[in-house]
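Every number here is computed from the coordinates shown, using simple stated rules; none is lab data. These numbers come from a predicted model, not from an experiment. A quick note on method: Cβ atoms are made from the backbone with ideal geometry, for glycine too, and the neighbour counts reach across all protein chains shown.
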Amino acid sequence: MTNRTHPCGRPRPFYWRMADRLVTLLQQLPPAECGYTIARNLRIPARDGIDLLADVYTPTGLIKGTLLLRSPYGWRMLMGVLTGGVYASRGYRVILARCRGTFGSGGTFEPMQHEVEDAADTVAWMREQPWFDGSFATFGGSYLGFTQWALLMDPPPELRAAVISIAPHDFHESVYGGGAFNLADFLGWSHQMAHQEDTFWRRMWGLVTARRHALSAMQELPLADAGEKLLAGRAPWYRDWISRRDPDDPFWSAMRLGEALDRVQVPVLLQVGWQDIFLERTIEQYDRLKERGVNVALTIGPWTHVELVTRGGSIAVGETLDWLGEHLAGNGLHTRAKPVKIFVTGAQQWRDLPHWPPSTREHCLYPTAGGGLADSPADTDAQAVFTYDPTNPTPTIGGRVLVGGGYTDDSALASRGDVLCFTGQVLSSPVEIFGSPVLELVHVTDNPHADLFARLSEVTPDGRSRNVSEGFLRLAPDAASGTLRLELDAVAHRFKAGNRIRLVLSGGSHPRWERNLGSGEDPATSRTAVPSRRTIKLPASRLLLAVGD
């Protein structure tokens, strides 16, 4: 620990201290250990001549270490308390740096385009400060996690540990997960960013109206023009995101940071939720780091993206403090029982595992004529048919969506005419599944421009259904008919005795993903809509579940 000279900061005002106490109470955190001061608007010179801004939160007592957090979301009280305040009041100096083009930092905000260079320049500035003690850690979630991967493209020798939550390392893979543009998430996020620096009352009014306006824009065509109308010039990146689809386009190179997974050496704690939009990327990060022998831990809770802060806040912050205490402060405490901590939905319990996924055995279920889901294949000629109409797209209900998603009653899907629904028999005993369910289908379409959506749900005795896992795939036109393999979202779930397992199939899930208009034209600029008639050959189709031993 150190108590070196620190920036001249001001004590927290009364209302700020009250907010600190409220966060401690709501998130069930350990008591604060000290007060802290805040030094505002310190200037960080970037290599291209602009100045970035940072606030430094300094404990009034002994300092356990330095934490760096880089964010585009500013410095207002809520962000300050949830990030700087929580950790400064527990002994860590926190540098809350604002990304370029946001809340007074120089330059123009171009999402994720400058984070590698700006992260390195921030560390270079930090090294020159008289209060810097020669080591630091990073933490943060979502965009704040991406900025950590940006720093890890060239890991500084002073870095000791990282806590990366709900964050991608390859943004293109998240924007185009399954091969189609993730419309709800990334038009919605662009709309949020377009208005985040509005005046207080405009932001309050925006909270009431933003979702309605964004959903309205998502129904319009063409998508590029509808989005730009909504954003009113405040998010110029949106047209690039929806128009430049090739992952090898140089536009995406600064946002694809897979090399960081091969360069990081320090201990990394990863946190995510089963219903988070970045679940796949987080599990990929865990797999890559574990394969390399990096000290990596993984926590997956029953949360959406936003719920990691709300419902999951006490767990996420508690784990972060433990990780920093062990790997930065060097308190000698090892508090994590095993590297992997997961929440088993349905069972409603946490489990500690040596690795993910655990050992399982394969169990097959087969869709049958009449809407069954059985332990043996359907009759030889059995098939099921549905028609997808892009002018009346199958709606998104719950699932891994940034806003309005999560676990929900999805019974309405089963009653739609553009959906196939297969429901199993009542379970005589609980069934636990782990990892990614896999769907193998023999699929025929009269229109090669088609998507496929599948959902696994649990049906209670009163007939209500609740989502468990789902998957989406934009089909290649030359392979849209034939045997398809679709991997659904990873899960840890217990189907209860007395309930039933349900499989739902459709031609899309809008507006989570842009609808496939069926015309073969550019999805960003097209208005033409052509339906597709689908046939599923049931005898050769099956659902593969990884059942716990």
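With the helix formula -39500 (n - 2.57) applied to DSSP H stretches of n ≥ 4, the chain reaches a computed 222 nm mean residue ellipticity of -6500 deg cm²/dmol.
Ordering LEU269, LEU475 by the number of other Cβ atoms within 10 Å of each residue's own Cβ, fewest first, gives LEU475, LEU269.
Gain on full extension, evaluated as 0.36 nm per residue between ASP549 and ASP287 minus their Cα-Cα distance, stands at 92.1 nm. The trypsin sites (Lys or Arg not before Pro) of the stretch 4-84 that meet both conditions, a loop assignment by DSSP and at most 15 other Cβ atoms within 10 Å of the site Cβ, are ARG4, ARG47, ARG76.
Taking the fewest neighbouring Cβ atoms within 10 Å as the starting point, the ordered list for ILE95, ILE315 is ILE315, ILE95. Where a ≥ b ≥ c are the square roots of the eigenvalues of the C-alpha gyration tensor, would you call the stretch 360-548 rounded, which needs a/c under 1.5, or, failing that, prolate if a/b is larger than b/c, or oblate? Prolate, since a/c reaches 1.5 and a/b exceeds b/c. Here r is the Cβ-Cβ distance between SER135 and GLU259 and R0 is 35 Å; the resulting FRET efficiency, rounded to 0.05, is 0.90. Summarising the strand pairing of the stretch 247-398, around 45 percent of its internal DSSP beta bridges are antiparallel. Would you please give the FRET efficiency between LYS229 and THR535, computed as 1/(1 + (r/R0)^6) with r the Cβ-Cβ distance and R0 = 35 Å, to the nearest 0.05? For R0 = 35 Å, the calculated efficiency reads 0.35. Taking only Cα atoms, what is the 0 to 90° angle, nearest 10, from helix 183-195's long axis to the longest principal axis of the chain? Approximately 30 degrees, to the nearest 10. What the Cβ-Cβ distance of THR199 and ALA374 gives, at R0 = 35 Å and to the nearest 0.05, is a FRET efficiency of 0.05. Loop-located GluC sites (Glu not before Pro) in the stretch 200-301 (DSSP state other than H, G, I, E, B) with a sparse environment of at most 16 neighbouring Cβ atoms within 10 Å: GLU220.
Its alpha carbons considered, the stretch 1-134 gives a radius of gyration followed by a Dmax of 14.7, 43 Å.
Mind running the shape call on the stretch 360-418? Use the C-alpha gyration tensor, a ≥ b ≥ c as the square roots of the eigenvalues: rounded below 1.5 for a/c, prolate if a/b tops b/c, oblate otherwise. Judged from the Cα gyration tensor, the stretch 360-418 comes out oblate (a/c at least 1.5, b/c at or above a/b). For the chain, the antiparallel share of DSSP beta bridges with both residues in that region comes to about 70%. Compared with the alpha-carbon gap, the fully stretched path from ARG17 to ARG127 is longer by 36.6 nm at 0.36 nm per residue.
Under the convention that each Lys and Arg Cβ holds +1 and each Asp and Glu Cβ holds -1, the size of the dipole of the stretch 360-548 around its Cα centre is about 340 debye. Going by alpha carbons, how many degrees (0 to 90, nearest 10) lie between the helix axis of 279-292 and the longest principal axis of the chain? It is inclined by approximately 70 degrees.
Of the trypsin sites (Lys or Arg not before Pro) found in the stretch 422-514, those that fall in a DSSP loop while having at most 16 other beta-carbon atoms within 10 Å are ARG464, LYS496. Straight-line reach only, C-alpha to C-alpha below 13 angstrom: list the aspartates and glutamates that LYS537 could link to, leaving out same-chain residues fewer than 8 apart. The qualifying aspartates and glutamates are ASP379, ASP381, GLU440. Using the alpha-carbon positions of the stretch 178-316, Rg (one decimal) and Dmax (whole number) come out as 17.9, 50 Å. Length gained on full extension, ASP462 to GLU521: 16.8 nm, using 0.36 nm per residue less the C-alpha separation. Site pair VAL385 and ASP409 shows an inter-label distance of 3.4 nm when each label is modelled 7 Å from Cα along Cα→Cβ. The C-alpha atoms of the chain occupy a region whose extents along the principal axes are 79, 51, 41 Å, arranged from largest to smallest. For LYS290, a cut-off of 22 angstrom between C-alpha atoms picks up these lysines, skipping any fewer than 8 places away in its own chain: LYS338, LYS341. Roughly what angle does helix 313-324 make with the longest principal axis of the chain, taking Cα atoms, 0 to 90 degrees, to the nearest 10? The angle comes out near 50 degrees. When SER359, SER71 are arranged by Cβ crowding within 10 Å, least crowded first, meaning fewest neighbours, the order is SER359, SER71. If only the Cβ of Lys and Arg carry +1 and only the Cβ of Asp and Glu carry -1, the dipole of the stretch 1-134 around its Cα centre is close to 560 debye.
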